[in-house]
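The values are calculated or read from the model by the stated rules, or taken from the named source; none is laboratory data. Source: prediction; values computed, not measured. Ideal geometry is used to build each Cβ from the backbone, glycine not excepted, and the neighbour counts take in all protein chains shown. Please note that ligands, DNA and RNA were not included when accessible areas were found on the heavy atoms of the full protein model with its side chains. Shrake-Rupley method; radii C 1.70, N 1.55, O 1.52, S 1.80 Å.
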Amino acid sequence: VQAGFLEETFSDYDPARKDLWAEYNRPWDYDHIMPQSVVNRWAHDTTDNQAWLWCIGNFAAIPLEENRSKNDREDWQYYNERKSRWPEIFDVEQITSSYKEDNADDGGLSFRSAVCKRFIKLYTKLYEAIEPLLSL
């Protein structure tokens, strides 16, 4: 789903050129949209929350430097600045709005629901991409 974004953002990246790699093998990193520190702060049983925290619906590839600089903070500026161009990747408002809601008393239900919805959107896009191959 993020192939177009990665190709456009990192057009000069060549995985075959190991001499261009620094201490990593790609110029992007996979970011938790809802940071682990936030989920861990919720004063509820987080077993289900942890499963959704590590789900593809809560991850997005962003530049390595961006991910390292935001670290484990609730900082969604990078997403917000790009959601009009790449809504399927960066429109994460449901997940980020669950931040305040889940601090109330729903035990992470709105977070899990938002991640599940994004998960379904991502896999729908994947299925649309591979569907022509399934009929061969």
A chain fully extended from Lys125 to Leu6 at 0.36 nm per residue, minus the present Cα-Cα distance, gains in nm 41.3 nm
Carbon and sulfur atoms account, in whole percent of the 1.4 Å probe accessible area of the chain, for 52
Helix 93-102: inclination vs the chain longest Cα principal axis, degrees, rounded to 10, gives 30
Tilt, helix 109-134 to longest principal axis of the chain (alpha-carbon atoms), in degrees rounded to tens, equals 30
For 76-82, 60-66, ranked highest to lowest by mean beta-carbon neighbours within 10 Å, the order is 60-66, 76-82
Rounded to two decimals, the Rg over Rh value of region 1-101 from Cα coordinates and the Kirkwood Rh reads 1.01
Length-normalised contact order of the chain, Cα under 8 Å, at least 6 apart, in percent, tallies to 28
Charge tally for neighbours of Ser11 with beta carbon under 14 Å away, counting Lys, Arg as +1 and Asp, Glu as -1, is -2
For Asp31, the residues 5 or more places away or on another chain with a placed amide H closer than 5 Å to its own amide H are Ala60, Ala61, Ile62
For Lys125 the rounded accessible area (nearest 10 Å², probe 1.4 Å, non-protein molecules ignored) is 90
For the chain, the count of lysine pairs 8 or more apart or interchain whose alpha-carbon atoms are under 30 Å apart comes to 14
With the 1.4 Å probe rolled over protein heavy atoms, the chain has an accessible area per residue in Å² of 62
Using a 1.4 Å probe on heavy atoms of the protein chains only, the accessible area for Leu126 in Å², nearest 10, reads 80
Rounded to the nearest whole number, the per residue volume of the convex hull around the C-alpha atoms of region 58-136 in Å³ is 104
